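Student: Dumping the structure here so I can ask a few things about it.
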Amino acid sequence: MKICVIGLGYIGFPTACLMAGAGHEVVGIDVNESVVKRLRNGDIHITDEDGLGELAKSVLANGALTVSTAPVEADAFIICVPTPLRAVKLTGDAAVANGTTALNEVAAGREVTEAGSSTFVDEASHPTVDLTYLELAVRSVAPFMREGNLVAVESTVPPGTTEQVVLPILEEHGWTRDDIRLAHAPERVIPGAIMREMVENDRVVGGLTPEATAAAGELYGSVVEGDIFATDATTAEFVKLIENTYRDVNIALANELARVAEHLGIDVQESIAMANRHPRVNILHPGPGVGGHCIPVDPHFIIERAPQLTPLMQAARAVNEGMVDHVVNVVNNLAREERLRRWVILGGAYKANVADERNSPSFAIARGLMSLGLSVSIHDPYVERFSEPLGSVIEGADGLLVVTDHTLYRELDPGLVAQHVERRFVVDTRLCLDAEKWEDHGFVVRRLGDGRKKTANVLL
Ligand code: SAJ
């Protein structure tokens, strides 16, 4: 089968490689000319996913995967472009509009205002999906389509988007839902283990017609070893969103418990570990906030469709976003008490052992600390611009703040660190350091959610 994959990012590129490795003829499309140029030279632009580099090099070398900046005719089009958030200012009637209205307004190109990822949901302003890239992608492939072609939308979208936004664009080009195959086929792979999960995970596919669902199931069946579950497009969209929303709410519970534990003089890590020994309890880990391009974003795609019906999801978002301020306060209080001016944040990536820094809490924390007059540097072995040798970055530091639990930091030798720093203070927001070991080397260790030590004045 000839497949055109639109968008060669963290999802589209591995998908293109796997499809090419499975014997399909694949053309990968990206509007970013430098990515296309690099790939044409065999230079793989995503370097932190095990197994991707080898496969990519081989399918590019044998011609199973070619890359271009413009679509070509194909049997199937897989769309993997970003669907970020932006805020729509709602006024008058629109302020009480339900999600359908908001979605349609965005789809119709209504004027919007830019918003950062940390926008709070309130009555006047809901962060909503920005479907610009998806719309452009669909418009770009429409002229290359033939009857019976499959369009599989992988991008995460609010429920109803495939039917209410994608289909109308194709209809403008003369297609109906019956003479093409249009489906939503959400990805659900975890960054850091994409190549394994893309093959092993179960998959949900939902078409606008039974024929579209079957066509999508057949396409993904050629690379997926997990089970493929068939449904309608809107359910498939919803399933994807509730997976990430479940995780966001669970992490918010852990974060709220961390703050309660600080207040009550309890250690949250020990408490959660014990509670999780119950056969039906699985509380996730507290931390400095929820980063990445999925979990902090996806709940908003449900919230925007049903703002009045989602107080729990909105509260979870606010709790997780509030962790940045909490960490800033903890560090600031400690810094004032102990006169610690020079801080080094360990970790710029949004989570352990990846290079992805999108929506990482590190930057919001760094900005918060700098606005309070502290000096801040960031180190990260995975993020090129922060990857100077750790020893030189922490040289003369007064305090270390662990924001990302990279294995390198978990395994740091406090004895070696002590040789570089000026003062021995460390704040661990990931609960990933062996506190006793660090204390043995003379460090004062502050751990998120640890209220047992007499640090309430510092932590609250
Ligand atoms: N985090 C915590 N505590 C935890 C787990 C995570 O604070 O216990 C933080 C992480 O540090 C990170 C953020 O949450 O900042 C998100 O990380 P993650 O590992 O939970 O998830 P992602 O964003 O890397 O990938 C998620 C996955 N979704 C689920 O596990 C339900 C993945 O399967 C999805 O495919 C992906 O979103 C996506 O593309 O939607």
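The values are calculated or read from the model by the stated rules, or taken from the named source; none is laboratory data. Computed from a predicted model, the values in this text were never measured in an experiment. Reconstructed Cβ throughout: ideal geometry from the backbone, glycine too, with neighbour counts over all protein chains shown. Each accessible area value is taken on the protein alone, full model and side chains, heavy atoms only, with ligands, DNA and RNA left out. Shrake-Rupley method; radii C 1.70, N 1.55, O 1.52, S 1.80 Å.
Student: Any residue that is free of Cβ contacts under 8 Å to residues at least 40 places away in the same chain and away from the ligand (no atom under 14 Å from the Cβ) - is there at least one of those in region 353-365?
Tutor: No - not one qualifying residue is present in region 353-365.
Student: Okay, moving on. Output the residues belonging to region 1-39 that are more than 16 Å from the ligand (Cβ to nearest atom), open to solvent by less than 10 Å² (accessible area, probe 1.4 Å), of a type outside the set (Val, Ile, Thr) and in a helix (DSSP H, G or I).
Tutor: 16, 17, 19, 20, 39
Student: Taking into account only those residues within region 125-168 that are more than 27 Å from residue 308 (Cβ to Cβ) and of a type in the set (Gly, Ala, Ser), which is surrounded by the fewest Cβ atoms within 10 Å (Cβ to Cβ)?
Tutor: So the residue we want is 148.
Student: For region 176-194, check the following and say yes or no: at least one residue is of a type in the set (S, T, N, Q) and within 24 Å of residue 298 (Cα to Cα).
Tutor: Scanning region 176-194, I find no residue that is of a type in the set (S, T, N, Q) and within 24 Å of residue 298 (Cα to Cα), so the answer is no.
Student: Okay, next question. What are the residues in region 169-181 that are part of a helix (DSSP H, G or I) and either charged (D, E, K, R) or surrounded by fewer than 13 Cβ atoms within 10 Å (Cβ to Cβ) (or both), if any?
Tutor: Result: 171, 172.
Student: Within region 265-285, how many residues turn out to be of a type outside the set (A, V, I, L, M), more than 25 Å from residue 240 (Cα to Cα) and not in a helix (DSSP H, G or I)? Reasoning before the result, please.
Tutor: Pass one, region 265-285, residues of a type outside the set (A, V, I, L, M): 265, 267, 269-271, 276-280, 282, 285.
Subsequent filtering for residues that are more than 25 Å from residue 240 (Cα to Cα) retains 265, 267, 269-271, 276-279.
Those still in the list that are not in a helix (DSSP H, G or I) too: 265, 267, 276-279.
Looking only at that region, the number is 6.
Student: Also, quick follow-up: Quick one: count up the residues across region 286-311 that are closer than 12 Å to residue 245 by Cα and more than 7 Å from the ligand (Cβ to nearest atom).
Tutor: 8
Student: May I pose another question? Of the residues that make up region 337-345, is at least one touching a residue at least 12 places away in the same chain (Cβ under 8 Å) and within 16 Å of the ligand (Cβ to nearest atom)?
Tutor: Yes, the conditions are met somewhere in region 337-345.
Student: State which residue is farthest from the ligand (Cβ to nearest atom) when the search covers only region 144-171 and only residues that are among the hydroxyl-bearing types (Ser, Thr, Tyr) and under 18 Å from the mean Cα position of the chain (by Cα). It would help to see each step written out before you state the result.
Tutor: Filtering region 144-171 for residues among the hydroxyl-bearing types (Ser, Thr, Tyr) gives 155-156, 161-162.
Cutting the leftovers down to under 18 Å from the mean Cα position of the chain (by Cα) gives us 155-156.
Working: 155: 10, 156: 6 Å.
Here the answer is 155.
Student: Please state which one of 237, 256, 262, 218 is surrounded by 18 or more Cβ atoms within 10 Å (Cβ to Cβ), part of a helix (DSSP H, G or I) and away from the ligand (no atom under 16 Å from the Cβ).
Tutor: Within the list 237, 256, 262, 218, the selection yields 262.
Student: Sticking with this structure for a sec: Please enumerate the residues belonging to region 378-405 that are part of a strand (DSSP E or B), without any contact (Cβ under 8 Å) to a residue 60 or more places away in the chain and more than 14 Å from the ligand (Cβ to nearest atom).
Tutor: Here is the first cut: in region 378-405, the residues part of a strand (DSSP E or B) are 378-379, 399-402.
So of that shortlist, the ones also without any contact (Cβ under 8 Å) to a residue 60 or more places away in the chain come out as 378-379, 400, 402.
Correct list: 378, 379, 400.
Student: Counting just the residues of region 366-377 that are open to solvent by 50 Å² or more (accessible area, probe 1.4 Å) and either within 12 Å of the ligand (Cβ to nearest atom) or not in a loop (DSSP other than H, G, I, E, B) (or both), which one comes out farthest from residue 406 (Cα to Cα)?
Tutor: The residue in question is 371.
Student: Output the number of residues of region 436-448 satisfying the condition of being open to solvent by less than 50 Å² (accessible area, probe 1.4 Å), farther than 15 Å from residue 403 by Cβ and part of a loop (DSSP other than H, G, I, E, B).
Tutor: So the count comes out to 2.
Student: Here's a follow-up. Evaluate region 349-356: report whether one residue or more is at pLDDT 95 or above, more than 17 Å from the chain's Cα centre (by Cα) and open to solvent by 10 Å² or more (accessible area, probe 1.4 Å).
Tutor: Looking for residues that are at pLDDT 95 or above, more than 17 Å from the chain's Cα centre (by Cα) and open to solvent by 10 Å² or more (accessible area, probe 1.4 Å), one finds none in region 349-356, hence no.
Student: Among the residues of region 172-194 satisfying the criterion of being under 32 Å from the mean Cα position of the chain (by Cα) and away from the ligand (no atom under 16 Å from the Cβ), which is farthest from residue 145 (Cα to Cα)?
Tutor: Of everything passing the filter in region 172-194, 183 is farthest from residue 145 (Cα to Cα).
Student: Give me the pairs: first residue in region 417-434 and farther than 17 Å from residue 284 by Cα, second residue of a type in the set (S, T, N, Q) and outside any loop (DSSP other than H, G, I, E, B), beta-carbon distance under 9 Å, and six or more apart or on different chains, which are they?
Tutor: Close Cβ pairs satisfying both conditions: 420/392.
Student: Among the listed residues 311, 361, 307, which satisfies the condition of being surrounded by fewer than 21 Cβ atoms within 10 Å (Cβ to Cβ) and within 30 Å of residue 128 (Cβ to Cβ)?
Tutor: Values: 361 fails: surrounded by fewer than 21 Cβ atoms within 10 Å (Cβ to Cβ); 307 fails: surrounded by fewer than 21 Cβ atoms within 10 Å (Cβ to Cβ).
The conditions single out 311.
Student: Just the residues that are within 17 Å of residue 244 (Cβ to Cβ) and either small (Gly, Ala, Ser) or part of a loop (DSSP other than H, G, I, E, B) (or both), please, taken from region 312-355.
Tutor: 315, 316, 318, 350, 351, 354
Student: Additional query: Applying the selection to region 319-338, what residues are of a type in the set (A, V, I, L, M) and either open to solvent by 30 Å² or more (accessible area, probe 1.4 Å) or under 12 Å from residue 255 (Cβ atoms) (or both)?
Tutor: Within region 319-338, 319, 323, 324, 327 meet the criteria.
Student: Out of all the residues in region 410-431, which are open to solvent by less than 10 Å² (accessible area, probe 1.4 Å) and more than 11 Å from residue 394 (Cβ to Cβ)? Before you say what the answer is, go through the steps one by one.
Tutor: Step one: filter region 410-431 for residues open to solvent by less than 10 Å² (accessible area, probe 1.4 Å), giving 414, 417, 426-429.
Passing the criteria: 414, 427, 428, 429.
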